[in-house]
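Comments concern the structure below.
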Amino acid sequence: MIRKLGEKEGKPLPISEASFPAPFDAGLEYAAPARGTWNIAHTGMLVPEAHEIFVCAQGCLRGVVLTAAEMGASERFSTVAVRENNVLDGDLENLLVEGVTDILEKLPSLPPAVLVYTSCVHHFMGTDLTLAYGELGRRFPSVRFTDCYMNPIMRKSGLTPDQLMRRQLYSLLDPKEHDPKTVLSVGGDFAVEEGDFTALLRENGFRHSEIQQAKTFSEYLELARAAFALTTQPAAIPAGKMLAEKHGMKHLHLPFSFDADEIEAQYEKLCAALGIPVPDWSQNRAECEAAMREAKRVIGDVPVVIDYTAFSRPLSLARLLLKHGFRVKRIYADSFTGEEKEDFEALKHEAPQLMIWPTVHPSMRVMPRDGDPRTLAVGQKAAYFTSSPHFVNVVENGGLWGFDAVIRTAELMTEAFLEEKDTRGLIGIKGWGCGLCQ
Amino acid sequence: MSVKQTARIISTYAGDTSGVASALFELGGMTVMHDASGCNSTYNTHDEPRWYDHDSLVFISALTEVEAMLGDDEKLIGDVVKAARELKPAFVAIAGTPIPMMTGVDFAAVARQIEDRTGIPSFGFDTNGMRSYVWGASAALAAVAERFVTVQDNQGTVQKGIPVNLLGLTPLDFSVLGADAAMKDLLEANGFSVLSRWAMGSSLDELKKSASAAVNLVVSGAGMGAAKVLKERFGTPYVVGTPVGDRYAEELFSLLRKSADDGECRVIGIGESDARRVVIGEGVTACSLARALTLESGVPTRAVSATDTDPLLTASGCPMAVDEDDLAPLLKNAETVIADPLYRPIVPKTARFVPLPHEGFSGRMFRRDIPDLIRDFNKFRKEFDL
């Protein structure tokens, strides 16, 4: 087996010795029992009134069936089981068409849209999905079908299932005349929290829209009126690109960050695109500083550990905290996105002893999880690996962006320090914040 | 065309790959699911209630498209060997998923390679994610029976009763609420000596001594494979049934004594085929409950097996129905349906529904409501007026 230069065995290592973007060698993988991040079944449910149909092998169906059941959405979820005979007979197109037809005929009423999820098996069998979706469209002209994918075998080639899912969320939209004063936030699991971003839009006469606001399928279709598509995390970029290509929206990718200069630069880019004046952010910057100072005053010198599931920029957060005197000891991450490159290189010099820990390496299964009981963990996996009841329970940026992300994170860390949480109970919940999941 | 593979609303049983991992979980080995992603989180979220508290070694291979296309088994073998050398498991088990089935991975050969390089006993299972956990668990326990059980020197060992093994105890059928200990206590109170529990509550060393039993009790479908291997290798007869309810348990114990004496295998527990009270679930446990309810209440009760079912059971009259379309006609005239709560939407509105949560179907959702039918059968009957 060939190993890339710089890759290390699964032992924790100081960032000064780590390679970018994947510090550890790839091999067998372990899954820690932290379940807060959303899966494709959770995300698909963001399309209001849509019905999900998964066409997969039984073992693959199990996780998403129970995802839907646990979120109380079984009425919007059905399955078609792919069996050995279908693989041997090569009748996957027929199974897909007849299976989906059978389900739709059994529903109390036809949904406006159906998200059909095919699997690795379809990919490897070369299933003619165009033919299948064409036939379904003929049989159910009032239903909009879209192709979604549960094919994790593709996670390292081309678009990942996560990226595809976030893109397909918007695939049911028809092009509409744009409202030049509407900005669409794209590809996040959570509604954007009210803060400096939404205030900026409002004060300049812009409307903010996002899929989480749509309560009906008709409202969902109105998302196409936005003139601007805004993404803030890498997994959403293909969605933004699709909206630009198919709907003519102007796509802006403004990466989530904890760095005030970077946030301000993102705002400059946004303001330039919207044609509005750049505000004076000095007050916001001062508030961020004050929030960080106050959090440090309360939290003191307890060890801080951060994982990649809480925020898409764990290294950006680590730099911010280290600059404010926090004792950041560990980052739990198996790889980093390209957006973290600058922070990674900077931390090599600013905090060379900051330890990078893997989360999926087999050794993590037996690694002692009895660290300093006061440890403040940011993220569910960090909480699990340190057995800490003091943790920030956020996944996938939690709807935060801009200067408010800094202020809110400081508040959440303070709350986590002051109040213990039921770590085991909370991190086991699938799809944290997905409405009915908690 | 009638499509029999759809589920408009009901759940799906745990898959065969999870069955392998579940059956072997407590035995000190390392199970690797040859899968890209997804099997691990599904298994440890919905199929494995012991995951948080026990550091059993269960991993995925993180198979990629390129490795599958190129048939790169060496990547799998190398990664498993490396992890096995570091973690030193008692054995290695490799379980397949849909894509390895399609690319024709030879799991027996992969296991042989791993064993040759590490010296650690290794198994390969051609699971494909398209069958239920019963198939996988049964195959896994059969492999343990084939490979590890040996004739022991029992000289000087005094048994307090008829020595028996309990085969097919997995959390997917019995959860983790104490049914394994309850079953052991019940048998020992009735003149048996429980040598081992496959595979909940016993170590691999205890399982290795199973050849000393006079008879095996198969308490779920997961135990069928091991029962047949132990019969083949050591001539140990088996009786199929879960000891629920006083009268049915007594029937089973009587048959266990008879089988221990004459060496014949026996399958009992089939409910009456025209009964209007129906139990849906895993074949052996559902048939046993149906029979127990019939005996205790006098109301005829039948069972429907909704998982992979051994031909011995189906031949004895336990119908198998997996899909909604297959189940519907069997429930059409039912007055009472006893099943996991996630079956409720397809039960006719004219029938009374009695919830009986089943870890293998609804996972952790109703775990706190799962009754221990070994100890609390009468309480269950009373609660639901059965």
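Rule-based calculations on the coordinates, nothing more; no lab input. From a predicted model like this one, the values you see are computed outputs, not experimental measurements. FYI the Cβ positions are ideal-geometry reconstructions off the backbone, even for glycines, and counts take in every protein chain you see.
Descriptive notes on the structure:
- Over segment A:288-427 - Rg/Rh using Cα atoms and the Kirkwood inverse-distance radius: 0.93
- Using all pairs of distinct alpha-carbon atoms, the Kirkwood hydrodynamic radius of segment B:277-384 works out to 14.0 angstrom.
- Cα centroid separation - segment A:333-354 against segment A:140-176, whole Å: 32 Å
- Applying Stokes-Einstein at 10 °C and 1.306 mPa s to the Kirkwood radius of segment B:250-335, computed over alpha-carbon pairs, gives a translational diffusion coefficient of 119 µm² s⁻¹.
- Mean-position separation - Cα centroids, segment B:125-181 and segment A:232-267, in angstrom: 55 Å
- Once divided by 2.2 N^0.38 Å, the Cα radius of gyration of the protein assembly as shown becomes 1.00.
- Here segment A:373-405 and segment B:296-361 have alpha carbon centers that stand 44 Å from each other.
- Chain A: projected area of the alpha-carbon convex hull, averaged over directions, in nm²: 21.8 nm²
- Residue (of B:Ala23, B:Met69, B:His34) at the positive-pole extreme of segment B:1-106, dipole from beta-carbon charges: B:Ala23
- Estimated dipole of chain A in Debye, rounded to 20 [Cβ of Lys and Arg +1, of Asp and Glu -1, Cα centre]: 560 debye
- Choice from A:Val97, A:Val121, A:Val87 showing the highest fluctuation, given a GNM over chain A with Cα pairs closer than 10 Å: A:Val87
- Counting only DSSP H runs of at least 4 residues, each contributing -39500 (n - 2.57), and dividing by the residue count of chain A, the helix-based mean residue ellipticity at 222 nm comes to -11500 deg cm²/dmol.
- All C-alpha to C-alpha distances of segment B:53-105, sorted into 10 Å bins beginning at zero, yield P(r) values of 20, 52, 24, 4 percent in whole numbers.
- Annotation for segment B:248-308: GluC sites (Glu not before Pro) lying in DSSP loop with at most 16 further Cβ atoms inside 10 Å of their Cβ are B:Glu264, B:Glu272.
- Translational diffusion of segment B:16-131, µm² s⁻¹ [Kirkwood Rh, Cα pairs; Stokes-Einstein; 37 °C; 0.692 mPa s]: 236 µm²/s
- Whole-number Å³ per residue for the convex hull built on Cα positions in segment B:1-54: 113 Å³
- Sorted fewest first by neighbouring Cβ atoms within 10 angstrom, A:Cys148, A:Cys56, B:Cys39 come out as A:Cys148, A:Cys56, B:Cys39.
- With contacts taken as Cα pairs under 8 Å and at least 6 residues apart, segment B:162-263 reaches a relative contact order of 31 percent.
- Contact order relative to length of segment A:288-427, as percent, for alpha carbon pairs under 8 angstrom and 6 or more apart: 30 percent
- Annotation: the antiparallel percentage among DSSP beta bridges lying fully within segment A:48-168 is about 0.
- GNM result for chain B, Cα springs below 10 Å: residue of B:Gly225, B:Gly96, B:Gly263 fluctuating most strongly: B:Gly263
- The mean number of partner chain beta-carbon atoms within 10 angstrom of a residue's beta-carbon across peptide B:354-365 is 2.
- Cβ-placed point charges (K, R +1; D, E -1), dipole of the protein assembly as shown about Cα centre in debye, nearest 20: 820 debye
- For segment B:210-303, alpha-carbon Rg and Dmax in angstrom: 13.6, 42
- Chain A: relative contact order as a whole-number percent, Cα under 8 Å and 6+ apart: 21 percent
- DSSP beta bridges in the protein assembly as shown [antiparallel fraction, %, rounded to 5]: 5 percent
- Cα-centred dipole magnitude for segment A:179-274, charges only on beta-carbon of K, R (+1) and D, E (-1), debye, nearest 20: 560 debye
- With semi-axes defined as the square roots of five times the eigenvalues of the C-alpha gyration tensor, the equivalent ellipsoid of segment A:265-323 measures 29, 17, 7 Å, largest first.
- Cα-based Lys proximity count in segment A:166-272, under 18 Å, for pairs eight or more positions apart or on separate chains: 8
- Here r is the Cβ-Cβ distance between A:Glu268 and B:Lys332 and R0 is 51 Å; the resulting FRET efficiency, rounded to 0.05, is 0.15.
- Of the trypsin sites (Lys or Arg not before Pro) in segment B:129-191, those whose Cβ has at most 16 other Cβ within 10 Å and which sit in DSSP loop: B:Lys160
- Average 1/r across all pairs of distinct alpha carbons in segment B:106-178, invert it, and you get the Kirkwood radius: 15.4 Å.
- Compactness index (Cα Rg / 2.2 N^0.38 Å), segment A:207-257: 1.13
- Per residue, the convex hull spanned by the Cα atoms of segment A:179-274 amounts to 99 cubic angstrom.
- With eigenvalues of the C-alpha gyration tensor scaled by 5 and rooted, segment A:48-168, Å: 20, 18, 15
- Axis of helix A:403-418 versus longest Cα principal axis of chain A: the two differ by about 70°, to the nearest ten degrees.
- Comparing A:Ala236, A:Ala273, A:Ala34 in a Gaussian network model of chain A where C-alpha atoms under 10 Å apart are linked, the largest mean-square fluctuation is found at A:Ala273.
- Average projection area in nm² (convex hull over Cα atoms of chain B, one quarter of hull surface): 19.5 nm²
- For a straight C-alpha distance cut-off of 12 angstrom, the aspartates and glutamates reachable from B:Lys231 (same-chain residues fewer than eight places away being disregarded) are B:Glu146, B:Glu264.
- In segment A:260-300, taking the dipole from charged Cβ atoms about the Cα centre, the farthest positive-side position among A:Ile276, A:Ala290, A:Ile263 is held by A:Ala290.
- Cα lying deepest toward the dipole's positive end in the protein assembly as shown, options B:Phe384, A:Leu426, B:Ile10, charges on Cβ: B:Phe384
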